[in-house]
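The values are calculated or read from the model by the stated rules, or taken from the named source; none is laboratory data. Model, not experiment: these values are computed from the prediction. Note that each Cβ is placed from the backbone with ideal geometry, even for glycine, and that neighbours are counted across all protein chains shown.
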Amino acid sequence: MKEMNPNHNKQFGQLGEDIAVKYLERKGYTILARNYRFGHVELDIISTYQNEVVFVEVKTRTSDGMAYPEKAVGKSKQRNIRLAAENFVEENQIILPARFDIIAIVKGEKFEVEHIEDAFYPFDTY
């Protein structure tokens, strides 16, 4: 079994986030923050788009890894993201409706980006 290199994984994840930011900016999103921390939770990208604040979780994988990176955002992760998002909204006095998206990036011969809008909702049951 191939040994995982934590530095490589972090750099690969950062590359995925960079790709996601460029993708969002091309679509007209305004980036408010990256890698916002609340306790042990990190919000990858916080942006605004069409009068909404959009919290984006980025999942980056290689094509030989997990087939659907977005499946790595389970209920527990969603709950943590919501709590951190609530803190960000309160801390920055944002009065816009919130949306939670996932950007799944898979690296094969090239990077493929899938943007899942409204991937989960602010008040999903746990």
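Below, the figures for the structure above:
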| quantity | calculated |
| --- | --- |
| Condition check for S63: at pLDDT below 90, over 18 Å from L15 (Cα atoms) and hydroxyl-bearing (S, T, Y) | no |
| Checklist (1) modelled with pLDDT under 85; (2) crowded, with 17+ Cβ neighbours inside 10 Å applied to F100, failing item | (1) |
| Tabulated pairs, the range 92-118, first over 21 Å from F38 (Cα atoms) and assigned to a strand (DSSP E or B), second hydroxyl-bearing (S, T, Y) and at pLDDT 95 or above, C-beta under 8 angstrom, 6+ apart or interchain | V113/Y23; H115/Y23 |
